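Peer 1: One structure, as structure tokens, below. Some questions next.
Just so it is clear, none of the values below were taken in a lab; they were calculated from the coordinates. Keep in mind it's a predicted model, so treat the numbers as computed, not measured. A quick note on method: Cβ atoms are made from the backbone with ideal geometry, for glycine too, and the neighbour counts reach across all protein chains shown.
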Amino acid sequence: MDLSQASQVAYDVLELVGTAAFAASGALLAVRRGYDVVGITVLACATGFGGGMARDVLLGDVPPVAFTDLRYLAVAVATAAVIVVWHPPPVLTRYPLNFADAIGLGLFCVTGAVKAWQFGLGPVPATLLGLTTAIGGGMIRDILGGRSPSVLRDDEEIYAVPALLGAATTAVLLYLDLFTVVTGTLAALGAIGLRLLALRFRWRAPRARGRPSAE
Amino acid sequence: MDLSQASQVAYDVLELVGTAAFAASGALLAVRRGYDVVGITVLACATGFGGGMARDVLLGDVPPVAFTDLRYLAVAVATAAVIVVWHPPPVLTRYPLNFADAIGLGLFCVTGAVKAWQFGLGPVPATLLGLTTAIGGGMIRDILGGRSPSVLRDDEEIYAVPALLGAATTAVLLYLDLFTVVTGTLAALGAIGLRLLALRFRWRAPRARGRPSAE
Amino acid sequence: MDLSQASQVAYDVLELVGTAAFAASGALLAVRRGYDVVGITVLACATGFGGGMARDVLLGDVPPVAFTDLRYLAVAVATAAVIVVWHPPPVLTRYPLNFADAIGLGLFCVTGAVKAWQFGLGPVPATLLGLTTAIGGGMIRDILGGRSPSVLRDDEEIYAVPALLGAATTAVLLYLDLFTVVTGTLAALGAIGLRLLALRFRWRAPRARGRPSAE
């Protein structure tokens, strides 16, 4: 399916906003850890591009768009610069970090599924690739930042589930030829909202059967 | 070399059993760490697909087969579901985890070398790629699960050596045109057996010269 | 731009010396951690090839040259063997490790940018890919070796900046058609020298505004 030009513009906007959101989450974690400005910039870029680069490599679209379309670099570096000069004190960064991360998560699960669809993948593979794009950047951020990936942590609210639902919704919309700027944005907002609600109301996934809380 | 249809079926079976074995090892580590069901499923998939995805990306066979052939996903998710409802208590998971890991290791060193050979690589590169496929999934599991990769740990029995021997045996068999369902299975069983014997009899590789045990 | 044959020989020499330098840094870290000879060899290879493999995958040059050109494997394994039998005691490895790492950093930022240029990327993407190649091997080493990537650490002298400058210089030289064996070597030496000076004089990048030293 060729996306119309309006959809392409919307896709680009979602991608760049998602990059800024993830870059902010990476930069905030770096500030929290006391990294210097170079470390902040590198972690912002790795988080902002990481999921999309994984997606592009898995799709064979190399070099990844983050290396050739310099708007991505500009957005990530500018975001890092903003965070360097203006950021909450470390004790208060948990909420902004989670908020930026939720926006990146919701936007990338949609754009990842769209790009996979454009490369000819079916609905289920496109959903998987959307999920990978969405959780990839955060996993790279957490591994580089020296903490367990939040997608896996047991003390965490549901994270992969909103991304999976957003990607699946996008794939179904594409399959039914109902994907438009509006429905795509709604899918992203749904995923973002679900993640924020999960954070607000502490929705957690169950553990394995018979496993009490502590080890 | 084109593999006969029988070989292709055998290849698929070895791949899917290896995926189940590594997925089980990832899920068991996740249970041990107290992750929730989403974390267990993600770690099962990352461990089950990780080595094969690395292999496919390195060979340029993208999107990786794990994204397009949904049997891999089904096997990994089903394995995770089984582990969620039925698993040994954490103090007892060490042995099943090592056993599942050994099976995945032995199967993937063979299938990795076979796939590299089918893509036209020579015996030495095919051996290296078989080794990468075999140890990749476990390395991804350990990094995501927050422990040093067992392939590197100094308190560990030999791990990479059985995979290297299994992959090299497969490459030699392919080179000599002696690779069949039977010889391939024997190569995998040899690697699995060697790893299990190493665990049983605590075979360890020597350290660097002049390094006593503690640092 | 086709590089002349002399340039190609110089490129190969820089690549292999860089591989040896990074392999030595990986092997020294492994010795320091008390890994066995297999772990030392695996970490030497992962560090020696890691950045170049990332570069090749991102450029779509697969299988990566490290898998097909066996000189890379020979160099990394030989370097690991040397470190196994002859290495400073752990308390003294910090300096050799940093020195080997600086050489790998300086050489790979140049060769990474050159290869990206040969694949048709513009100056800015070629700079980014040179940076990725240079810092990639060390990041893989540090993640596998269980420490925070030195490129990010706040207690570290500037690391990414010399690589960025070396890669950018190379890209400008290529753009101006001034890249030769001599100018390329000078760019590499400049990056190496800058990193060593940064280590010697403790040049550090500033932190984010308003962040005192400790958290």
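Peer 1: Rounded to the nearest 0.05, what FRET efficiency is calculated for C:T183 and C:W86 with R0 set to 30 Å and r the Cβ-Cβ distance?
Peer 2: Plugging the Cβ-Cβ distance into 1/(1 + (r/R0)^6) gives 0.30.
Peer 1: Next question, about the same structure. Placing a label point 7 Å from Cα toward Cβ, how far apart in nm is A:D177 from its equivalents in the other copies, listed shortest first to one decimal?
Peer 2: Once sorted, the set of distances for A:D177 reads 5.2, 5.2 nm.
Peer 1: When the Cα centres of the range B:54-99 and the range B:140-184 are compared, how far apart do they sit, in Å?
Peer 2: 17 Å
Peer 1: Taking 25 Å as R0, compute the FRET efficiency from the Cβ-Cβ separation of B:A6 and B:Q118 and round it to 0.05.
Peer 2: E between B:A6 and B:Q118, to the nearest 0.05, is 0.95.
Peer 1: Arrange the following residues from fewest to most other Cβ atoms within 10 Å of their Cβ: B:T183, B:T111, B:T132.
Peer 2: If I rank by nearby Cβ atoms, fewest first, I get B:T183, B:T132, B:T111.
Peer 1: May I ask you to report, in nm to one decimal and beginning with the shortest, the distances from B:R94 to the same position in the other copies, taking label points 7 Å along Cα-to-Cβ?
Peer 2: Values, ascending and in nm: 3.5, 3.5.
Peer 1: Say a label goes 7 Å from Cα toward Cβ at A:V82 in every copy; what distances in nm does this one have to the rest, shortest first?
Peer 2: Copy-to-copy label distances at A:V82, shortest first: 4.9, 4.9 nm.
Peer 1: How large are Rg and Dmax for the protein assembly as shown when only the alpha carbon atoms are used, in Å?
Peer 2: Cα-based Rg and Dmax for the protein assembly as shown come out at 23.6, 68 Å.
Peer 1: Something else about it: If you wrap chain C's Cα atoms in a convex hull and average its projection over all directions, what's the area in nm²?
Peer 2: 12.4 nm²
Peer 1: Over the range A:5-201, what is the relative contact order in percent, taking alpha-carbon pairs closer than 8 angstrom and at least six residues apart?
Peer 2: 25 percent
Peer 1: Can you list the chymotrypsin sites (Phe, Trp or Tyr not before Pro) in the range C:77-116 that are in a DSSP coil and have 10 or fewer other beta carbons within 10 angstrom?
Peer 2: C:W86
Peer 1: Estimate the FRET efficiency between C:L70 and A:L197 by the formula 1/(1 + (r/R0)^6), using the beta-carbon distance for r and 45 Å for R0, to the nearest 0.05.
Peer 2: 0.25
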